[in-house]
Amino acid sequence: MRSLLFIIFQSLVFITSAQSKWTAIMTQGGEAQTYNSYYTEAAVEQFIREQAKKNNVISELIYGDGKWHVVATYKKEKTIISWKWEKEFPSAWVKGQWADGKHISKVTWGDGKWAVVMTTKDKYITQSWANRDSWKELETWFQTKWKENTRYNVIDIAWGNGKWCGIMGVTSVYEAQSLKVSDDFPSKWIQDKYNEKYNITAIESDGKKWYVVMTKKAAQQSETVLNPGNEFPESDIKKQWDKERRISGLVYVNEAKTESLSQADLDAFDAYFMDDIPDEKDTYSSYVASAQDKLDKKNYTGAIADFEKALALDKASETIWNNLAWAKYLNGSCTVALADVNKSIAIKSTYFNNHTKASILKCQDKCAESLTYFNEAIRLYRVKYGKIDEILYYSDRSATKRCTGNYSGALDDIELALAIEPNNTSLKRSQKELNDLVAGK
């Protein structure tokens, strides 16, 4: 009997309910495993290199809570690993790696880029990938590949920047696969599949629905699902490690789930408000309040829509233009966000819209230009409040200095942030990383 563990924290919110953040799949395996989280790609790459020396291969990579979370698993056979980060899926690079005998082991989207990890020594005879604008189109591609060769299996799925990416590979033996799309996490369906000797192969969420791929195994492995959790499930992962289960999948949901109202609900609202229609000022305020609420709950798509409705009524607010840009930035749309924050700065240059522009420029790999705006954001913050009391300004500037290779300057900013929050574990971790980089380790 396969166990399925769910740690559920649920809160009911009118119309909008917060979607849980973290899900971890833990599957039977005795190989040594380790993981860590980093704010920059450079730090992740250093981790990959260090783990490769120990014959540890990257088995999971995901962006969540503003950081990259990377998992490395030991392989008995010597394995060569390559990786690539690009704003568009790196198709030419993948083709070259295939020619060198490597296959895709992980694909994910985060911080404005696609990340692809490829390794040697895997079980796939050949591979194929596809980017599609919708899940329906991706599923059609799956069906086409299955008709082409029944031994094609879905290896990984990833959603990002409004697109779906699917990876499939031909195996030496046929393994049945089953797909599920669900508004809520499909716990019952997963348990039913466990009873039929399936294991989870790939799992993803676009913030609105869950997408799960399970594969029927000749020798089924014990598997546990940690879902949902508002924080990275570090303590639960350690407990599962003690039971000889290893991380085989991670999902981070960065968007709230919006419930739709029935027609009866809408009619009831009409009946209630028909004699109390709000004026334009009240409507503007309600759009702003709704947008901010959705932004706080990480429902970026909903926040963008409401900020745009507010701007349709009043385009003179530097705050609303900035918040629209910030919502688009958090949603992964750095290019379109830049035009909005420029409008905000044109109305009035503030500490917050300079910080937003700096973050967007960093997202576009314009680190040197980004640093100029982080400096201005910090200067204006001091002018307004006399001192910096939010670590975000120093930690974000530190990441940008690190991006430019100024490790000592990045370390200075981390230490300024630690002066504000001396017990912040993430800052301490970054401090250690930067000390090592400064020392040339």
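May I ask you to list the residues in the stretch 187-223 that are modelled with pLDDT under 90 and either at positive phi or among the β-branched types (Val, Ile, Thr) (or both)?
Hit for the stretch 187-223 is 207, nothing else.
Restricting to the stretch 394-426, and then to whatever is over 26 Å from the mean Cα position of the chain (by Cα) and outside any helix (DSSP H, G or I), can you tell me which residue is modelled with the highest pLDDT?
For the stretch 394-426, the residue satisfying everything is 406.
Do the conditions hold for residue 73, that is, is it assigned to a loop (DSSP other than H, G, I, E, B) and either buried (at least 16 other Cβ atoms within 10 Å of the Cβ) or under 18 Å from the mean Cα position of the chain (by Cα) (or both)?
It is false that residue 73 is assigned to a loop (DSSP other than H, G, I, E, B) and either buried (at least 16 other Cβ atoms within 10 Å of the Cβ) or under 18 Å from the mean Cα position of the chain (by Cα) (or both).
Starting from residues that are closer than 19 Å to residue 90 by Cα and among the aromatic types (Phe, Trp, Tyr), keep the ones in the stretch 142-169 and report whichever is surrounded by the fewest Cβ atoms within 10 Å (Cβ to Cβ).
Ranking the qualifying residues of the stretch 142-169, first place goes to 159.
Every residue in the stretch 228-252 that is among the small types (Gly, Ala, Ser) and under 15 Å from residue 25 (Cβ atoms), please.
Within the stretch 228-252, 229, 248, 249 qualify.
Is it true that residue 171 is among the polar types (S, T, N, Q), assigned by TED's automatic domain parsing to the domain that holds residue 133 and closer than 17 Å to residue 143 by Cβ? Full working, then the answer.
Details: among the polar types (S, T, N, Q): yes; assigned by TED's automatic domain parsing to the domain that holds residue 133: yes; closer than 17 Å to residue 143 by Cβ: no.
No: the conditions fail for residue 171.
Is it the case that the stretch 154-167 has a residue that's touching a Phe, Trp or Tyr at 6+ places or on another chain (Cβ under 7 Å) and over 30 Å from residue 337 (Cβ atoms)?
So far as the stretch 154-167 goes, yes, one or more of its residues are touching a Phe, Trp or Tyr at 6+ places or on another chain (Cβ under 7 Å) and over 30 Å from residue 337 (Cβ atoms).
Being free of Cβ contacts under 8 Å to residues at least 60 places away in the same chain and more than 23 Å from residue 319 (Cβ to Cβ): is that true of residue 411 here?
yes
Determine which member of the set 343, 328 is at pLDDT 90 or above, assigned to a helix (DSSP H, G or I) and surrounded by 24 or more Cβ atoms within 10 Å (Cβ to Cβ).
On the way: 343 fails: surrounded by 24 or more Cβ atoms within 10 Å (Cβ to Cβ).
Of the residues listed, the single one that is at pLDDT 90 or above, assigned to a helix (DSSP H, G or I) and surrounded by 24 or more Cβ atoms within 10 Å (Cβ to Cβ) is 328.
I'd like to know if the stretch 265-277 contains one or more residues that are in contact with a Ser or Thr (Cβ under 8 Å, 6 or more places away or on another chain) and either modelled with pLDDT of 90 or more or closer than 30 Å to residue 313 by Cβ (or both).
No, the stretch 265-277 has no match at all.
The values are calculated or read from the model by the stated rules, or taken from the named source; none is laboratory data. What you are looking at is a predicted structure, and each value in this text was computed from that prediction instead of being measured. Glycine gets a Cβ as well: all are built from the backbone with ideal geometry, and neighbour counts include every protein chain shown.
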